[in-house]
Amino acid sequence: AQSVTQLDSHVSVSEGTPVLLRCNYSSSYSPSLFWYVQHPNKGLQLLLKYTSAATLVKGINGFEAEFKKSETSFHLTKPSAHMSDAAEYFCVVSEGVNFGNEKLTFGTGTRLTIIP
Amino acid sequence: GAGVSQSPRYKVAKRGQDVALRCDPISGHVSLFWYQQALGQGPEFLTYFQNEAQLDKSGLPSDRFFAERPEGSVSTLKIQRTQQEDSAVYLCASSAEMGARTKQFFGPGTRLTVL
């Protein structure tokens, strides 16, 4: 069975400082991992995804995440926060044993607040 | 081009009423997904269509929930005899490729409130 744990429900950082959103996963098979962002009154948007290629994944808007199998982690980082980064972030796992059996399992989300 | 659209955006139903929620995916997208997002939680998978075929409905919480995509484009999620616990945001997503590991484009959701 697959699951994902987002270790912080809320994170606040000052504008221009680094962002770290933590995620640990559990999967019986080689997982695919994603980060999605949800801005208020907007649809979820894919930030980046890992699918067993390079362990350091670069996404949109300067975000990146590193897949660490030994730590079962997939933390999201950004060197310098911008006001527009304020949103809800979801870590997502998908393990597919058979094609078509690849549902996404979302974490409970981390709300990122940017302090001016 | 237009993204995924959902209607209505807000729906208030009395307990016991039937509701129908519509999803218009991006044109040409073969995969369509429905999710339920309770307040303060992450989305939870409900069902998956590949074109008109419903390949996975394991996430539907009860037989009161029914989804269809008869022509492989527009999809409708129907909830019969709504209960208060059905109150949530219902999200639809579509993808140009097959399977859940592809890039999914999400609609804005329908917020259902059952009184």
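Quick rundown of the values:
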| read-out | value |
| --- | --- |
| Shielding by partners - mean other protein chain Cβ count within 10 Å, residues of A:46-58 | 1 |
| Peptide B:37-44 - average C-beta neighbours from other chains (10 Å radius) | 5 |
| Entries in A:LYS78/B:LYS103; A:LYS42/B:LYS11; A:LYS103/B:LYS14; B:LYS14/B:LYS57 that, when Cα-Cα distance is taken, lie over 23 Å | A:LYS103/B:LYS14; B:LYS14/B:LYS57 |
| Karplus-derived HN-Hα couplings along region A:50-63 (A = 6.51, B = -1.76, C = 1.60, θ = phi - 60°), whole Hz, x at Gly and Pro | 10, 9, 6, 9, 4, 6, 9, 10, 9, x, 7, 6, x, 7 |
| The protein assembly as shown, Cα convex hull volume normalised per residue, Å³ | 124 |
| Estimated vicinal HN-Hα couplings, Hz - region B:14-19 in sequence order (Karplus 6.51, -1.76, 1.60; Gly, Pro = x) | 7, 3, x, 7, 8, 10 |
| Computed magnitude of the charge dipole of region B:5-114 (debye, nearest 20; Cβ of K, R +1, Cβ of D, E -1) | 360 |
| Peptides ranked, highest mean first, by Cβ atoms within 10 Å: ranges A:36-47, A:82-93 | A:82-93, A:36-47 |
| Among A:50-57, B:22-29, B:99-106, the order from most to least packed when residues are scored by Cβ within 10 Å on average | B:99-106, B:22-29, A:50-57 |
| Averaged over B:94-105, number of beta-carbon atoms from partner chains that fall within 10 Å | 5 |
| Directionally averaged projected area (convex hull, Cα atoms, chain B), nm² | 6.6 |
| Label-point separation in nm, B:PHE66 to A:LYS58, each point 7 Å along Cα→Cβ | 5.0 |
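Computed from the coordinates by the stated procedures, all read-outs in this text should not be read as laboratory data. Not measured: the values here are computed from a predicted model. Every residue, glycine as well, gets a Cβ built from its backbone with ideal geometry; the counts of neighbours run over all protein chains shown.
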